[in-house]
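Encoded as structure tokens, the structure appears first; notes follow it.
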Amino acid sequence: MKNRYNKTITACFLAYIVQAVIVNFVPLLFLTFQQSYQIPLSQITILVTFNFGVQLLVDLFAVGFVDKIGYRISMVMAHVFSASGLLLLPILPEILPSAFAGILIGVMVYAIGGGLLEVLVSPVVEACPSDNKEKAMSMLHSFYCWGHVGVVLLSTLFFCFFGIENWKVLAVIWALLPLANAFVFTRVPMVSLIKEGETGLHLKELFGMKIFWILLLMMICAGASEQAVSQWASTFAEKGLGISKTAGDLAGPMAFAVLMGVSRVFYGKYGERISLDHFMRISCVLCVASYMGISLSPVPVVSLLSCAVCGLSVGIMWPGTFSKAARALPRGGTAMFALLALGGDLGCSGGPALVGGVASLAGENLKVGIFMAMIFPVLLMIGIFLCKKVQEERKYMA
């Protein structure tokens, strides 16, 4: 029975690689867009905000339509949108009067796919029969990390051998992955997240549960803890050590992504021997320690190493919170996973925003900004304790 769903889980792993492609490929081209199409930097930065905003809206609207049209159709649609956005990127800037408008439309289309993937992939894996769902969830989210690493490395190799001016060819090549996986999702077996005879919780029911609000806060903090450092790792590498951007990207965000993936694979392999709460609490402590190393150490190399260690510490936060939510609210359904994805996206935006805002007030001092962001892993740890307390109260009441 379980072996039947191995192909489904593998397809979900590939779906997170697709997510990594559509999130991390275009930022590699920002300078190229600026030079080739004379797009000012102020407009280039809008692409990131726009991508994030579209995904947030999709997270929100998914609550209303995913259950109606079904997970299979929604998953195929997510991949088709992802591929279409990538294919439109090299076409629209050449045929529209405004190159920026063409790029923006491409970003919008693949952002719709990305938002759907964020809502769909975790519940599909959660629904598949497995011996340890926490392990499966952690392993699933590790594939985003490996996808991130792969996109940067393979794209860099392509640009080295064939030139950055041939980025349009690479965009088409990357689009083949979501197209292929869309076909796979038309074939693999799917299972409902909600057991037969049951109905998922409605928004009003979720909003009336104390534990849901705790889990939502945890997701916000998980996203913020991850991105508060990830977004600034390259800057630390370049400014702190005075190395090139390529080497800085490899030493900063690449090391962060690799160690975040290692953390998720470790729990995915040995999760049945480790308490999820215990692992998450240790990760929160390590995260605080890494933030202190980044913000308080006068030695640049220590700050850079702390950035990498931060990747190790945040690895379990996002998938671990998803797993805790699925276990605490088994009837949460699509609404719960969509709202948690929304909370995670808010954290991914809010964490770097807090760091940047505080850094600006402190005279462009990023270390001060990251020191203030320490509040996120601290709040996440408090959330773990509160979640356990509420669950114990529920058992006592029952």
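Working only within the range 167-179, note down all residues that are open to solvent by 60 Å² or more (accessible area, probe 1.4 Å) and under 18 Å from Met75 (Cβ atoms).
Correct list: Leu176, Leu179.
How many of the residues in the range 61-71 are surrounded by fewer than 16 Cβ atoms within 10 Å (Cβ to Cβ) and at negative phi?
Residues flagged as surrounded by fewer than 16 Cβ atoms within 10 Å (Cβ to Cβ) and at negative phi within the range 61-71 amount to 5.
Need the failing condition index for Pro97 against (1) over 15 Å from Leu117 (Cβ atoms); (2) open to solvent by 20 Å² or more (accessible area, probe 1.4 Å); (3) part of a helix (DSSP H, G or I), just the number.
It fails just one condition, (3).
Can you tell me how many residues in the range 292-307 are open to solvent by less than 10 Å² (accessible area, probe 1.4 Å), among the hydrophobic types (A, V, I, L, M, F, W, C) and more than 18 Å from Leu380 (Cβ to Cβ)?
1
Could you tell me which numbered condition Gly311 fails, if it satisfies all but one of (1) open to solvent by 10 Å² or more (accessible area, probe 1.4 Å); (2) of a type outside the set (D, E, K, R); (3) in a helix (DSSP H, G or I)?
With (1) open to solvent by 10 Å² or more (accessible area, probe 1.4 Å); (2) of a type outside the set (D, E, K, R); (3) in a helix (DSSP H, G or I) applied to Gly311, the lone miss is (1).
For Ala359, which of the numbered conditions (1) without any contact (Cβ under 8 Å) to a residue 60 or more places away in the chain; (2) open to solvent by 10 Å² or more (accessible area, probe 1.4 Å) fails to hold?
(2)
The values are calculated or read from the model by the stated rules, or taken from the named source; none is laboratory data. On a predicted model such as this, the values are computed, not experimentally measured, just so you know. Neighbour counts run over all protein chains shown; Cβ positions are idealised from the backbone, glycine included. Only protein heavy atoms, including side chains, enter the accessible area calculation; ligands, DNA and RNA are left aside. Shrake-Rupley method; radii C 1.70, N 1.55, O 1.52, S 1.80 Å.
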